[in-house]
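Structure record follows, encoded as structure tokens.
The values are calculated or read from the model by the stated rules, or taken from the named source; none is laboratory data. Just so it is clear, the model here is predicted, and its values are computed rather than measured. Quick reminder, even Gly has a Cβ in these numbers, built from the backbone with ideal geometry, and neighbours come from all protein chains shown.
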Amino acid sequence: MIEPNQAWTIADAVDLYEVQRWGKDYFSVGENGHLFVHPDRRRDRGIDLKELVDRLQLRGLDLPILLRFNGVLKDRMREINDCFSKAILDHGYKGKYSCVYPIKVNQQREVVEKIIEYGRPYGFGLEAGSKPELMAVVAMTSPETPIVCNGFKDDEFIEMAMLAQKMGRTVIPVVEKYTELELCLKYAEKVGVRPNIGMRVKLASRGSGRWQSSGGYRSKFGLTVAEVLQALKELESRGMADCFKLLHFHLGSQITNIRQVKGAVNEAVRVYVDLSKRGAGLTYLDVGGGLGVDYDGS
């Protein structure tokens, strides 16, 4: 505790704001007491935010000012990919990892463009959860960028996804209720494409916390295992079992116990293998719910 008559020091500021705890080497407090940002986490290369703002004001810009450091975004994407690459190597996994960024998180064009640019070497993709988002994503991406469509899907959304595939985009609408499968088949025939179809399955495994209701058998989203099998039979009857490309599950968000994730993945893999043996052309296992974060500091 600082006494009222005690001079405030830089060390006091560092202790109070705990920059080292949350800054993850991207932020630090300099010897002059100013906050520095290190986009590539190199201590010898930093930007004095106080001096930067002062210079911007001298150029006639008024506060508040939004500052975007693309280097931080690039470094975070690299680290995500490196973490999965290391895990894949350590465990002898034969598949690949592809991060899919939901643009609802930040829809600003400058951010999405950089995610596409920095993620291209890693095979990163984008997720669209609405018709406007799908239109934006299709306009910004190249054919090799995976596009996953989640959320509510009406006729226009599905038709737009099929048209995007007709244009050469890699689009996978994820079926969350059986009527969406019917729409996919209807508009695939209308547009003249063999669709890439994903399905969201309800698992017995559940997450915990505020969003646990989005997982488990009682979730209002997704198909039961029986419905997925029925959907596969429907595709087989049309000679389209190979169009079933992706199996998706969503355990919930803000999960603090890694055991729940492991349990759900084990269950999902068993479903994936069984569907593959039955003739599904599965290529992707889509693990929803975002990356695990230390939400409670434990």
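Could you say whether any residue in the range 46-60 is out of contact with any Phe, Trp or Tyr (no Cβ under 7 Å at 6 or more places or on another chain) and assigned to a loop (DSSP other than H, G, I, E, B)?
Scanning the range 46-60, I find at least one residue that is out of contact with any Phe, Trp or Tyr (no Cβ under 7 Å at 6 or more places or on another chain) and assigned to a loop (DSSP other than H, G, I, E, B), so the answer is yes.
What are the pairs with Cβ atoms under 8 angstrom where one residue, in the range 119-135, is at positive phi and the other, located anywhere, is hydroxyl-bearing (Ser, Thr, Tyr)? Sequence gap at least six, or different chains.
Short answer, once both residue conditions are applied: 123/98.
What about residue 72, is it closer than 30 Å to residue 139 by Cβ and either in contact with a Lys or Arg (Cβ under 8 Å, 6 or more places away or on another chain) or at pLDDT 95 or above (or both)?
Yes, satisfied.
Return yes or no: is residue 31 out of contact with any strand residue (DSSP E or B) (no Cβ under 8 Å at 6 or more places or on another chain), without any contact (Cβ under 8 Å) to a residue 40 or more places away in the chain and under 29 Å from residue 11 (Cα atoms)?
Against the criterion (out of contact with any strand residue (DSSP E or B) (no Cβ under 8 Å at 6 or more places or on another chain), without any contact (Cβ under 8 Å) to a residue 40 or more places away in the chain and under 29 Å from residue 11 (Cα atoms)), residue 31 qualifies.
For the range 160-185, name all the residues that are in contact (Cβ under 8 Å) with a residue 24 or more places away in the chain, charged (D, E, K, R) and surrounded by fewer than 17 Cβ atoms within 10 Å (Cβ to Cβ).
166, 177
Could you tell me which of the residues 124, 157 is buried (at least 19 other Cβ atoms within 10 Å of the Cβ) and within 22 Å of residue 82 (Cβ to Cβ)?
124
Is it true that residue 134 is surrounded by fewer than 23 Cβ atoms within 10 Å (Cβ to Cβ), in contact with a helix residue (DSSP H, G or I) (Cβ under 8 Å, 6 or more places away or on another chain) and either assigned to a loop (DSSP other than H, G, I, E, B) or assigned by TED's automatic domain parsing to the domain that holds residue 233 (or both)?
no
Answer with yes or no whether residue 214 is modelled with pLDDT under 75, surrounded by fewer than 17 Cβ atoms within 10 Å (Cβ to Cβ) and under 23 Å from the mean Cα position of the chain (by Cα).
Answer is no for this residue.
Would you pick out the residues in the range 81-133 that are touching a Cys at 6+ places or on another chain (Cβ under 6 Å) and not small (Gly, Ala, Ser)?
124, the sole residue that qualifies.
Quick check: is even one residue across the range 201-209 in the same structural domain as residue 124 (by TED's automatic domain parsing), outside any loop (DSSP other than H, G, I, E, B), at pLDDT 95 or above and touching a His at 6+ places or on another chain (Cβ under 6 Å)?
No: zero hits.
Residue-by-condition table, conditions (1) assigned by TED's automatic domain parsing to the domain that holds residue 149; (2) β-branched (Val, Ile, Thr):
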{"residue": "44", "(1), (2)": "no, no"}
{"residue": "65", "(1), (2)": "no, yes"}
{"residue": "78", "(1), (2)": "yes, no"}
{"residue": "86", "(1), (2)": "yes, no"}
{"residue": "95", "(1), (2)": "yes, no"}
{"residue": "107", "(1), (2)": "yes, no"}
{"residue": "111", "(1), (2)": "yes, yes"}
{"residue": "115", "(1), (2)": "yes, yes"}
{"residue": "120", "(1), (2)": "yes, no"}
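Answer with yes or no whether residue 15 is part of a helix (DSSP H, G or I) and outside the structural domain of residue 120 (by TED's automatic domain parsing).
Yes: the conditions hold for residue 15.
What's the number of the only condition in (1) assigned to a loop (DSSP other than H, G, I, E, B); (2) touching a residue at least 40 places away in the same chain (Cβ under 8 Å); (3) under 26 Å from residue 285 (Cα atoms) that residue 107 fails to meet?
If we test residue 107 against (1) assigned to a loop (DSSP other than H, G, I, E, B); (2) touching a residue at least 40 places away in the same chain (Cβ under 8 Å); (3) under 26 Å from residue 285 (Cα atoms), just (2) comes out false.
Name every residue in the range 64-86 that is surrounded by 13 or more Cβ atoms within 10 Å (Cβ to Cβ) and within 21 Å of residue 35 (Cβ to Cβ), in order of residue number.
Matches in the range 64-86: 69, 70, 71, 72, 73, 74, 75, 76.
If we scan the range 32-55, do we find a residue that is over 25 Å from residue 111 (Cα atoms) and among the small types (Gly, Ala, Ser)?
Yes, because at least one residue in the range 32-55 is over 25 Å from residue 111 (Cα atoms) and among the small types (Gly, Ala, Ser).
For residues that are out of contact with any Leu (no Cβ under 9 Å at 6 or more places or on another chain), outside any helix (DSSP H, G or I) and surrounded by fewer than 17 Cβ atoms within 10 Å (Cβ to Cβ), tally how many sit in the range 226-276.
Total satisfying the criteria: 4.
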